[in-house]
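A quick write-up on the structure given underneath.
The values are calculated or read from the model by the stated rules, or taken from the named source; none is laboratory data. Nothing here was measured: the structure is a model prediction, and the numbers come from that model. Every residue, glycine among them, receives a Cβ derived from its backbone with ideal geometry; neighbour counts consider all protein chains shown. Ligands, DNA and RNA are stripped out before the accessible areas are found, and what is left, the full protein with its side chains, is counted by its heavy atoms. Shrake-Rupley method; radii C 1.70, N 1.55, O 1.52, S 1.80 Å.
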Amino acid sequence: MSKIPDDVIADCLLLLPVKPLLRFRCLSKPFCSLIDDPDFIHRHLSRSLNTRSNFILILRDWNLYTVDFDTLSVAAPPTPRLLVHPLQKGGGTEAFGSCNGLLALRNSERDLAFFNPLTRKFRRLPVSEIELPDRNAKAGYVFYGFAYDSVNEDYKLVRMATFVAEDERCESFDYEYEVKVYSLRNDSWKIIKGLPNYLRFLHKPFYQVLHRRGYGVYACNALHWVMPHWPELGVKNSIIAFDVVSETFRQVSPSQCWDKKSNCVVDVAALEGRLCAMCNYGQECIDLWVMKEYGVEESWSRIFSFRPTKWISSLLFLRPLGYSKDGEKMLLEVNDHKLVWYDLNKASVKTVKMQGGPKSFGAEICVGSLVPLADDMETEKQQKEAQEKEITKEHTVMREDFLSVGFKLKL
């Protein structure tokens, strides 16, 4: 092995999935240093994304399950496996986002964590209470989003809390949202001020529950949510973006083709880093649009129109998840309980069968990666070691001072 150039060894290791690489860290110190090197981790992640390899599918139900993405294309039905994670307390944990192999998990507004399901490393977020605007209000619906700030190389979580009156009325437009951003790099929360007025219309009672628009969609250094249609207020479907670099809100220009159609219910998704919009026309047809050049209205392009089949009688919900390795098929989540492959050339549909697993679910694509997280147990250990070193240092100083004084007295 000593005769093989290091760059050749690195190129060979880049071809491997995460689990073998984790085992190879135990072979020698040079192997461990190479696999833990930030440049190698970045190259391995980039190759996985570019070749559509090392993907896993996260299924969200009362519990979380994983499925190897490649097994969805084989004849034998894959079996979802229960995902054991640090926030597991009998079920009920939300996975509301995935970036570069990390999952954002939530049990409550006080119990949040980032988790790498392959390396098993996790980081609990410090608690940041929702601050009520006055004593007549209480916290209502809470939006979440998980994103990677590529400029500052930081992972961020965005939390938007709405407020309702204590007398159980619907959400009041008089209350401004509370928006806070957690930075993994700084391990701290920051409150965002100067919010735009249109943000108060983002939440519509029962709308997010029925159409699942509570999770922010990450694309092009921004998180995206749908502004629902309020005909009584003259508010049309639109897309709200939060730039995770500048930490400011803005509106994304919709396509003129679907912006003028009032009967269209819009949702958002991301495909290989590009922003997508799904336009549902009365549950009879769903158009999938992709913004090929971010921020350019004219770059919206319709990919296909999906219509009911003999296996799918109505279209309540549709979301694109990812492409097959050859790029000729797209995996779709339909009506919260079915996965299908859509052939882009033949416009045909094939249902993905699974053996066991949840009957109703939400799905999330996660790429296997070596992206590190400062594990809570390791952090506590390091803090304890630092405290012990500080105590030892103080004792040493006290001992030296005592000996110095004693030596002077003797003289």
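When a/c reaches 1.5 or more, the comparison of a/b and b/c decides; with that in mind, is the stretch 108-151 rounded, prolate or oblate per its Cα gyration tensor?
Prolate.
Which residue fluctuates most in the GNM of the chain (Cα springs below 10 Å): Lys180, Lys346, Lys19?
Highest fluctuation of the listed residues: Lys346.
Show me the ranking of peptides 76-84, 89-97 by mean Cβ neighbours inside 10 Å, starting with the highest.
Going by the mean number of other Cβ atoms within 10 Å, highest first, we get 89-97, 76-84.
For the stretch 285-329, I need the span (max minus min coordinate) of the C-alpha atoms along each principal axis, in Å, sorted largest to smallest.
Between the extreme Cα coordinates on each principal axis of the stretch 285-329 lie 37, 25, 13 Å.
Can you tell me the equivalent ellipsoid semi-axes for the stretch 1-152? Use √(5λ) from the Cα gyration tensor, largest first, whole Å.
36, 20, 14
What Kirkwood radius, in Å to one decimal, follows from the Cα pairs of the stretch 92-170?
Kirkwood radius, the stretch 92-170: 14.1 Å.
Just to be sure I understand the curve: with the Debye formula and one point per C-alpha of the stretch 36-118, what is log10 I(q)/I(0) at q = 0.15, 0.22 Å⁻¹?
Reported log10 I(q)/I(0), two decimals: -0.64, -1.08.
Say we join alpha carbon atoms closer than 10 Å with springs in a Gaussian network model of the chain; which of Leu132, Leu275, Leu233 then has the biggest fluctuation?
Leu233
If you build a Gaussian network model of the chain, linking Cα atoms that sit under 10 Å apart, which residue out of Ala75, Ala139, Ala270 swings the most?
Among Ala75, Ala139, Ala270, the largest mean-square fluctuation in the Gaussian network model of the chain belongs to Ala75.
Send over a whole-number figure in Å² for the accessible area per residue of the chain, probe 1.4 Å.
On a per-residue basis, 53 Å².
Would you mind checking which residues have amide H under 5 Å from Phe306's amide H? H placed 1.01 Å from N; only 5 or more apart, or other chain.
It is Ile286, Asp287, Leu288, by chain and number.
Write down the Kirkwood hydrodynamic radius of the stretch 109-227, to one decimal in angstroms, obtained as one divided by the mean of 1/r over all alpha carbon pairs.
Roughly 15.5 Å, rounded to one decimal.
Can you tell me how the stretch 1-43 classifies by the Cα gyration tensor, rounded, prolate or oblate, using a/c under 1.5 as the rounded cut?
rounded
Could the peptides 283-289, 7-13 be put in order, highest first, of the mean number of other beta-carbon atoms found within 10 Å of their residues?
Result, highest mean first: 283-289, 7-13.
Leaving out ligands, DNA and RNA but keeping every protein chain, what accessible area does Leu49 have, in Å² rounded to the nearest 10, with a 1.4 Å probe?
Taking all protein chains as shown, Leu49 has close to 80 Å².
First compute the accessible area of the chain with a 1.4 Å probe, then give the percent of it belonging to carbon and sulfur atoms.
Heavy-atom surface of the chain belonging to carbon and sulfur, 1.4 Å probe: 52 percent.
Just name one of Val127, Pro30, Thr79: the one whose Cα is farthest towards the positive end of the charge dipole of the chain (beta-carbon charges, Lys/Arg +1, Asp/Glu -1).
Looking along the dipole axis, the top candidate is Thr79.
I need the phi-derived Karplus couplings for the stretch 219-235: 6.51 cos²θ - 1.76 cosθ + 1.60, θ = phi - 60°, integer Hz, Gly and Pro marked x.
Rounded to whole hertz, the list is 7, 6, 6, 8, 9, 10, 10, 8, 7, x, 7, 10, x, 5, 10, x, 9.
Rounded to whole Å and sorted largest first, what semi-axes of the equivalent ellipsoid does the C-alpha gyration tensor of the chain yield via the square root of 5 times each eigenvalue?
42, 31, 19
For Gly322, which sequence-distant residues (separation of 5 or more, or a different chain) have an amide H within less than 5 Å of its own amide H, given hydrogens modelled in the peptide plane?
Close amide H contacts, sequence-distant or interchain: Leu331.
Report, in debye and to the nearest 20, how large the dipole of the chain comes out about its Cα centre when Lys and Arg carry +1 and Asp and Glu carry -1 on their Cβ.
Here the size comes out at about 1000 debye.
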